[in-house]
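Colleague: Dropping the structure in here first, questions after.
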Amino acid sequence: QYWEMVFNILTIICNRETPNHQDHSSIPKCFDILTSMGNYLNARMSMPSLQLELRYNPGCMIVFSGRIVRHGVHAVEGDRIGWAWYMRDAVHIYAGILSCGWA
């Protein structure tokens, strides 16, 4: 009857470079939360549409709309695990729950 948390999708990414992209299945009105953990060096999150390149150190959390903002993570030296929490309307439709409004 009730969601256990706000987000309805979790993706776990291990030791991968992710090319710049937008998440076309995500809800544009909602923020995504990306968290990075591990033992690695020189990680960078790029957001070319905002002309940003951010350090993505272990323990870092970045919050933005993955549908609106183009983003990617460069390859790293070491071991990295990334958690991406986000929302998809398809899950709301399947469960018969209204989608959220602007965050």
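Colleague: Please give the peptides 13-24, 65-76 ranked by average Cβ packing (other Cβ atoms within 10 Å per residue), highest first, as a rough proxy for protection.
Modeller: The peptides rank, most packed first, as 65-76, 13-24.
Colleague: To continue, here is another question. Just to check I understand the Karplus step: with θ = phi - 60° and J = 6.51 cos²θ - 1.76 cosθ + 1.60, what whole-Hz values come out for the stretch 23-37, glycine and proline as x?
Modeller: Going residue by residue, I get 8, 5, 8, 6, 7, x, 7, 10, 7, 9, 10, 10, 10, 10, 9 Hz, with x marking Gly and Pro.
Colleague: Sum up the charges of everything whose Cβ sits under 14 Å from the Cβ of residue 78, counting Lys and Arg as +1 and Asp and Glu as -1, but leave residue 78 out.
Modeller: Value of the local net charge: 0.
Colleague: Taking K and R as +1 and D and E as -1, what net charge do the other residues with C-beta under 13 Å from the C-beta of residue 26 add up to?
Modeller: Every neighbour counted, the sum reads +1.
Colleague: In debye, nearest 20, what is the charge dipole magnitude of the stretch 1-81 about its Cα centre with +1 on Lys and Arg Cβ and -1 on Asp and Glu Cβ, if you could check?
Modeller: 180 debye
Colleague: Quick one: net charge around residue 43, please, counting Lys, Arg +1 and Asp, Glu -1 for every other residue with C-beta under 13 Å from its C-beta.
Modeller: Charge balance near residue 43 sits at 0.
Every number here is computed from the coordinates shown, using simple stated rules; none is lab data. Source: prediction; values computed, not measured. Note: ideal-geometry Cβ built from the backbone for every residue, glycine included; neighbour counts use all protein chains shown.
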